[in-house]
Structure formats: structure tokens, C-alpha cells
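Read the structure below first, then the notes.
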Amino acid sequence: GFVMTGTADFAAEAEGTRPRIAEGLNTLASLVSDNGVQSRRVELLRLAVDAKLRWMGQVIAARQAGGMSAAVPLTATGEGRRLMARIHTTIGTMEAHERELLIRRRADSAVQTRRARVLLVAGAAIDLLLLAFLFVVIRRDQRLTRDLARAPDEARDAAVRAALPADPLALAKQGAGI
């Protein structure tokens, strides 16, 4: 905007973007600090942005010093476009790398989710088997406890039967003297 119009507001605006750009690059660097490849790309991006800002500063200085005729030869070289293409290429490479990482992370997450589900189902099946085993053991224990509780009564009844004659009527007849 400044090269075309010479309006000082455009030059100030261009200069005012520098802190925001630096802050954005610092934020980006901290976001990818765990990835060496991406960290190197941030540094390349930082160099490309610095080169573009220096070139813009040269164009603005030429425009301020010599007017439009001094700035046009600088813009006609295509250097500004080449520098911007370098920035776009670096950003595009970083984005592609992050997309690849995201795809890998999603695939890893899907595998981990499947494993967790299998473990949960296996754990639930083992729990059910343990419960069934406990149920069988408890039922058997209850049956044995009942059988043992009845054993003294059955033993007493068997002893009484053993002490009695085989024919209770004969015993009654003997006792009555018949």
C-alpha cells in the first residue's frame, strides 16, 4: 500500500506488524519444540520472514527517499514474490508434516482404543467366569452345610432304628404279654 500511495499510515502499518509476526513465530516455535524437524523449519521460516521484512524496509526506504520511481525497480525484480513464495513453501511443508503427524496419531489412537476395548471385554469375561465359579462353589458349600446339619439327626434316627426290633408289633405283643 505505501509504495503505491506514499501514505505514511501504510508504512506505519507495515512496521507495526513486526512485533505480531515475531510473537507468532515464537508461539509456533514453542508449539513444535518437541519436534526437531519442525523446529528447524521454524528457524528457516524466521529467516525467510526476516528477509521479506528487510526487503520491504528497503522498498519503503527507497519510496520515502526517492518517490515511486526509486521503489519501482526494487519491486520489478520479483524479489518480493520470491521471498513470499519461500515463506509460503516453508509454511506449506510444515502444515503437510503436521497433517502426517495427525494422521499417524489418529491411527495410533485407533489402535490403542481397540486394544483398550479388547482388554475391557476380556476383563469383563474373566469377571463373569470368576462370578460363575464363585456361584458354583457357594452353592456346593451350602449343599454340604445342609447335608452336615442333617447328619446328626439322621445318625440319631439310624441309631434308634438299629436299637428297635425289626418288627415293632412283635415287640408290642411281647410287652403286653400276648
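The values are calculated or read from the model by the stated rules, or taken from the named source; none is laboratory data. What you are looking at is a predicted structure, and each value in this text was computed from that prediction instead of being measured. When we count neighbours, we look across all protein chains shown, and the Cβ atoms used for this are built from the backbone with ideal geometry, even at glycine. Please note that ligands, DNA and RNA were not included when accessible areas were found on the heavy atoms of the full protein model with its side chains. Shrake-Rupley method; radii C 1.70, N 1.55, O 1.52, S 1.80 Å.
GNM on the chain, C-alpha springs below 10 Å: top fluctuator among 48, 116, 162?
162
From the list (i) 70; (ii) 80; (iii) 61, can you say which value of percent of Cα pairs over 18 Å apart was derived from the structure given?
(ii)
Calculated from DSSP H runs of 4 or more alone, at -39500 (n - 2.57) each and per residue, what is the 222 nm mean residue ellipticity of the chain, nearest 500?
Details: 6 runs with 162 residues, N = 178.
So the calculated ellipticity at 222 nm is -32500 deg cm²/dmol.
Hey, any idea what % of segment 18-92's accessible area is carbon plus sulfur with a 1.4 Å probe?
Working: 2750 of 4510 Å².
Carbon-and-sulfur percentage of accessible area, whole number: 61.
Excluding residue 20 itself, what net charge comes from residues whose Cβ is under 15 Å from its Cβ, given Lys and Arg +1 and Asp and Glu -1?
Numbers: positive: 18, 46, 52; negative: 13, 15, 23, 50.
Result for the neighbourhood of residue 20: -1.
Select from 76, 65, 159 the residue whose mean-square fluctuation is largest in a Gaussian network model of the chain (Cα-Cα springs shorter than 10 Å).
159
Express the accessible area of the chain per residue in Å², computed with a 1.4 Å probe while the remaining protein chains stay in the model. All intermediate terms of the calculation are to be shown ahead of the outcome.
Details: 13230 Å² over 178 residues.
Spelled out: the 1.4 Å probe surface of the chain, per residue, equals 74 Å².
For every other residue with a beta carbon closer than 15 angstrom to the beta carbon of residue 139, add +1 if it is Lys or Arg and -1 if Asp or Glu, then tell me the sum.
Around residue 139, the surrounding residues sum to +1.
Using a simple charge model, +1 on the beta-carbon of Lys and Arg, -1 on the beta-carbon of Asp and Glu, nothing else, what dipole does the chain show about its Cα centre, in debye to the nearest 20?
On the way: 26 positive and 19 negative charges, 79 e Å.
With Lys and Arg at +1 and Asp and Glu at -1, about 380 debye.
So for the chain, averaging the separation of alpha carbon pairs under 8 Å that are six or more residues apart and normalising by length, what relative contact order in percent results? Write down the numbers at each step before the final one.
On the way: 55 pairs, mean separation 29.6, N = 178.
Here the relative contact order equals 17 percent.
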